[in-house]
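J.: My structure is below; once you've seen it, I'll send some questions.
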Amino acid sequence: MYCRKCGSKIPDDSLFCPVCGAPQTPIAEQTTSRKTNSVSTGTVLKEMKCPNCGAPLNPQPGEAMVVCPYCGTSITLGSEGWTQVMKHYILDIKVQMKDQALSIARAYLDRSILHRHLFEKSEVKKIDVSYMPYWIIDAGYSAQYKYKREEVQPGGFVGVPMGRGGGFMGPTVNMQTVVESGTDVGTVKYPVIAIESMNIYQPPDYVFNLENIRTLKPEDSSNSIKMLNGSMGEEKARVEGKVRIAQWEIRRLQKRVHGFLSADVNVDIADIYLVHIPIWYIEFVHKDKNLILLLDGHNATVMEEVKD
């Protein structure tokens, strides 16, 4: 068995940990605890053990995903209870310093006449970076859409005066609205924030560059940058991911297709996996109004601009 406090391996009949001295739960009570861990999503789990190393984990109320601080294993809560996440990755942070993040924010805010000198005229209210958990929905999509266009159709005649006592009969031009259909097919690795109470971190149209993802290592959970746990399990992420991808595709068509009317989008999920991504949260105050920038700390790109 393992110590409930420090995670050290100790004899099964130990009442106290020989390493840290913490009292231990008798084996009979541990069996009951393991049964409690296999419960439905709605139950608040006060205590559980890592399925990989056996170390104690203490998920907070509302959390559906926990990273073991001892071995780095990630666990998610599904309909059958806590299960190990088989595909959990991380993107290393490249924008490590606050000055770097603020430099990128300055370039973004000063990119147009409308934002000119906005950075200098604003006060930085908060700047912070965290490893945020995102479910990546690797999916294919197909959209059948309708759009309208104006078609020129000749017809009838009109009199055009040519001077005193004379005239000229010429053809008129009629404009008719025609509804056409189109098809759009593609793939996307769409991110869904795994913390339901932090929807501000859900960029509606930003898709991460995941070329450099790597497998999560035990030492990543003890990084100086805080790594947040999730409150959304895989099953719910699949459902929400389908809805968000369909909305994302409709917004893309609205921008690309002139005269766009409507679309029927079908989403087919091929894979789903968890990625921790470094996100900078930068909040400015300008003329008593708040402006929030979310910055992708791996790709050094502003993901989203949120105005209060």
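The values are calculated or read from the model by the stated rules, or taken from the named source; none is laboratory data. Being a predicted model, the structure only gives us computed values, none of them experimental. Note that we place each Cβ from the backbone using ideal geometry, even for glycine, and neighbour counts take in every protein chain shown.
J.: Which residue is surrounded by the most Cβ atoms within 10 Å (Cβ to Cβ), if the candidates are limited to the stretch 242-274 and must be closer than 20 Å to ASP296 by Cβ and in contact with a Lys or Arg (Cβ under 9 Å, 6 or more places away or on another chain)?
T.: LEU274
J.: While we're here: Test LEU109 against the stated conditions and say whether it is touching a Ser or Thr at 6+ places or on another chain (Cβ under 9 Å) and modelled with pLDDT under 80.
T.: The answer is no for LEU109.
J.: Of everything in the stretch 183-204 that's surrounded by fewer than 12 Cβ atoms within 10 Å (Cβ to Cβ) and touching a residue at least 40 places away in the same chain (Cβ under 8 Å), which residue is nearest to the chain's Cα centre (by Cα)?
T.: Once the filter is applied, the top-ranked residue is PRO204.
J.: If I filter the stretch 238-258 for residues that are among the β-branched types (Val, Ile, Thr), modelled with pLDDT of 95 or more, part of a strand (DSSP E or B) and in the same structural domain as MET198 (by TED's automatic domain parsing), do I get at least one hit?
T.: No, the stretch 238-258 has no match at all.
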